[in-house]
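Report on one structure; see the data block that follows.
The values are calculated or read from the model by the stated rules, or taken from the named source; none is laboratory data. Predicted model only: the values in this text are computed from it and were never measured. Cβ sites come from the backbone with ideal geometry, for glycine too, and all protein chains shown count toward neighbours.
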Amino acid sequence: MIRKLQKKLKGDNLFKALVAIIAASALVIVLVTAYVLVTGSSLALQTYGINFLTGTQWNPVPGSENFGALPYILGTLVTSGIALLIGVPLSLGIAIFLVEMAPKTIRVPVSYLVELLAAVPSVIYGLWGIFVLRFWLLNNIEKPISAILGWIPIFSGRPFGLDIFSAGVILAIMIIPTVASVSREVISAVPNSIREGAYSIGATKWEVIRHWVLAYGRSGIFGAVILGLGRAVGETMAVTMIIGNASGPSAMPTSLFQTGQTMPSLIANGFFDAQSPVAASAYLGVGLILLVMSLLINIVAHVMVTRVFKVKGGAVE
Amino acid sequence: MAQAFFTTLRSKFHGYAFRKFKNKLFFVLCGVCVVVAVIPLISILFEAVMRGAPQLSVQFIFADGNNGGIGPAIQGTLIIMGLTSLIGIPLGVLSGIYLSEFGQNKYASAMRTLNNIVTEFPSIIVGIVAYSIVVLYITRYNSALAGAAALSIIMIPIVARTTEESLKLVPNTIREASLAMGVHKWRTTLSVVLPSAKAGLITGTMLAVARIAGETAPLLLTIGGSSYFFGGLFQQMDALPLRIYRYAGQPDASVQAQAWGAALVLILIVLALNIAVRLASRGRLRR
């Protein structure tokens, strides 16, 4: 009897220990990633110091190497900013439509289509971007704006289609499924008593959404937006294909209609051509900056989103 | 301008009429948002079929790169899907089992958080890690194995999360019934809880497979690309996303057309997986 019990405990504990060790695979991945990027980039970070963050040169020619990541940090922020400006209002519109307006017969297929948008591989977005979207944007948006507002610095330059603006638009399309589906969950988590209270004092449906539902879920919706930002910051292939891949000081995002470069696209383009150890190290340094940026963004997003769902539990429902 | 537009409207419609008008206006705007978001999807599918379908032929699909085909790329994508599943599914499912069945402690919640963090890693970073470890130290050259390692990093956390979610849906009474019959916890988990959550597990896993089938950035740094068929785990390999990227950058219009053909094949693989899974899970819910 006792031996049987011991045997049973042994089997169960063994199983528990096994799955507990395997559950640490996420920890291993994080540690290995941090190790690879920190040790790999130390040479470049030591050589250039703070200039690695503030410099604008990117010269991999052996003998006269000089690396500064500022244009790509700014390029990442600018393209992601454009993506949010265009993508967030659209996503919120979709989320509101799906939760508050659409009858079930429309809701199911529409949410299904929006989810399919997330299933399209990013290289296909890139292909579509350079052969279809690029020309549409060039002829319908960039040329007219450039003709009328070309004297404003951010619209200067001759539009070509492969530029920061196009990259921002393609990122906007790619973050829509993320932002829309999270804000949709947030909006459905808003208790109905909030809506009923607002209706009872005579608000129209739009006023209920605008002043009560969105206000109640604002922390979660902010989280959804930040989550979208995280997607946009880390997106590689579509951006690499459409942004024009400038390098050095000319990659500084001064005009929307100029070629640019983001941190992921810089790595995707140049990592293999890095010939000297310091050049390879510089690419890993950019990777480290990218990782830190995306980690901060995602942690903020998760905190904001979970806050709403926690409130839901204690709400007046 | 918009301000002026609204002030004229406000003077025309006082009070309730204006508010009702605004209500309608924003409803229409939300509908427009949906239409605008769906246009790119339809355009992508339309262009892929219009430009890709004329490319499709037996030779295009089965011949190697030197004979004008994308056979190695299709083969490579299928191989890498299989290899990654071989690594990613067992590890992911077992981590998910821990998080769901034993996950009421601080260690588990820390692992859960790390899991979420890894899910959001930029894909190019995953490529750098696999390159720096597998390519530099194990295979010494771009290889199929390095690609599978990179994609496993993406797959494990996704599978772990869906496993945890589907196991949590299994009612506790089922676990208790099994334990009451004197079955070990490990046996209960593997033979009773897992089969009960089968549908959710399969759905989640297939979606993860569809997700990694289209990943490009990690492959760019790891498998190297090739115009020949699969030559071994330690050899360079081709894959559809990589082939599309390479062909799209060529100036030759006939090569660009081949990129669209390859894109159509990739879309068919990914969307077929997605749609099959959704249809299957919808049927399950209805029943």
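Say we look at region B:118-135 and pick out the residues that are surrounded by fewer than 21 Cβ atoms within 10 Å (Cβ to Cβ) and within 7 Å of another protein chain (Cβ to nearest Cβ); which of these is farthest from A:THR33 (Cα to Cα)?
Among those that are surrounded by fewer than 21 Cβ atoms within 10 Å (Cβ to Cβ) and within 7 Å of another protein chain (Cβ to nearest Cβ), it is B:GLU120.
Quick grid of which residues meet (1) polar (S, T, N, Q); (2) touching a Cys at 6+ places or on another chain (Cβ under 7 Å); (3) over 18 Å from B:LEU145 (Cβ atoms):
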position	(1), (2), (3)
B:SER196	yes, no, yes
B:ALA199	no, no, yes
B:THR205	yes, no, yes
B:ILE212	no, no, no
B:GLU215	no, no, no
B:GLY224	no, no, no
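Looking at (1) over 12 Å from A:VAL19 (Cα atoms); (2) more than 7 Å from every other protein chain (Cβ to nearest Cβ), which is the only condition B:GLY92 fails?
(1)
Are any residues in region A:90-109 closer than 29 Å to B:THR216 by Cα and surrounded by fewer than 19 Cβ atoms within 10 Å (Cβ to Cβ), and if so, which ones?
Hit for region A:90-109 is A:PRO109, nothing else.
Determine whether region B:204-212 contains at least one residue that is touching a helix residue (DSSP H, G or I) at 6+ places or on another chain (Cβ under 7 Å), buried (at least 23 other Cβ atoms within 10 Å of the Cβ) and over 25 Å from B:TYR245 (Cβ atoms).
yes
Do we find a residue being touching a strand residue (DSSP E or B) at 6+ places or on another chain (Cβ under 8 Å) and either at pLDDT 90 or above or surrounded by fewer than 24 Cβ atoms within 10 Å (Cβ to Cβ) (or both) anywhere in region A:206-216?
No: zero hits.
Do we have any residue at all in region B:159-167 that's more than 10 Å from every other protein chain (Cβ to nearest Cβ) and closer than 30 Å to B:PHE229 by Cα?
Yes, region B:159-167 contains at least one residue that is more than 10 Å from every other protein chain (Cβ to nearest Cβ) and closer than 30 Å to B:PHE229 by Cα.
The conditions are (1) touching a Leu at 6+ places or on another chain (Cβ under 9 Å); (2) in a helix (DSSP H, G or I), and A:PRO159 fails exactly one of them. Which is it?
Tallying (1) touching a Leu at 6+ places or on another chain (Cβ under 9 Å); (2) in a helix (DSSP H, G or I), A:PRO159 fails exactly one: (2).
Among the residues of region B:249-265, is any part of a helix (DSSP H, G or I), without any contact (Cβ under 8 Å) to a residue 24 or more places away in the chain, at the interface with chain A (Cβ under 9 Å from one of its Cβ atoms) and more than 15 Å from B:ALA73 (Cβ to Cβ)?
yes
Report yes if some residue within region A:259-269 is surrounded by fewer than 23 Cβ atoms within 10 Å (Cβ to Cβ) and more than 9 Å from every other protein chain (Cβ to nearest Cβ); otherwise report no.
Yes, region A:259-269 contains a residue that is surrounded by fewer than 23 Cβ atoms within 10 Å (Cβ to Cβ) and more than 9 Å from every other protein chain (Cβ to nearest Cβ).
Among the residues of region A:122-137, which ones are crowded, with 19+ Cβ neighbours inside 10 Å and touching a residue at least 24 places away in the same chain (Cβ under 8 Å)?
Listed by number, the residues that qualify are A:SER122, A:VAL123, A:TYR125, A:GLY126, A:LEU127, A:GLY129, A:ILE130, A:LEU133, A:ARG134, A:LEU137.
Quick one: A:GLY202 ticks every box in (1) assigned to a helix (DSSP H, G or I); (2) within 25 Å of B:LYS24 (Cβ to Cβ) except a single one, so which number is it?
(1)
Return the residues of region B:11-68 that are over 30 Å from A:GLY202 (Cα atoms), assigned to a helix (DSSP H, G or I) and touching a Pro at 6+ places or on another chain (Cβ under 8 Å); say none if nothing qualifies.
B:GLY65
For region A:15-68, enumerate the residues that are within 11 Å of chain B (Cβ to nearest Cβ) and outside any helix (DSSP H, G or I).
Matches in region A:15-68: A:ALA24 only.
What are the pairs, 6+ residues apart or on separate chains, where a residue within region A:78-91 that is small (Gly, Ala, Ser) has its Cβ under 9 Å from a residue that is buried (at least 21 other Cβ atoms within 10 Å of the Cβ) and outside any helix (DSSP H, G or I)?
Hits for this filter: A:SER80/A:GLU235; A:SER80/A:THR262; A:ALA83/A:GLU235.
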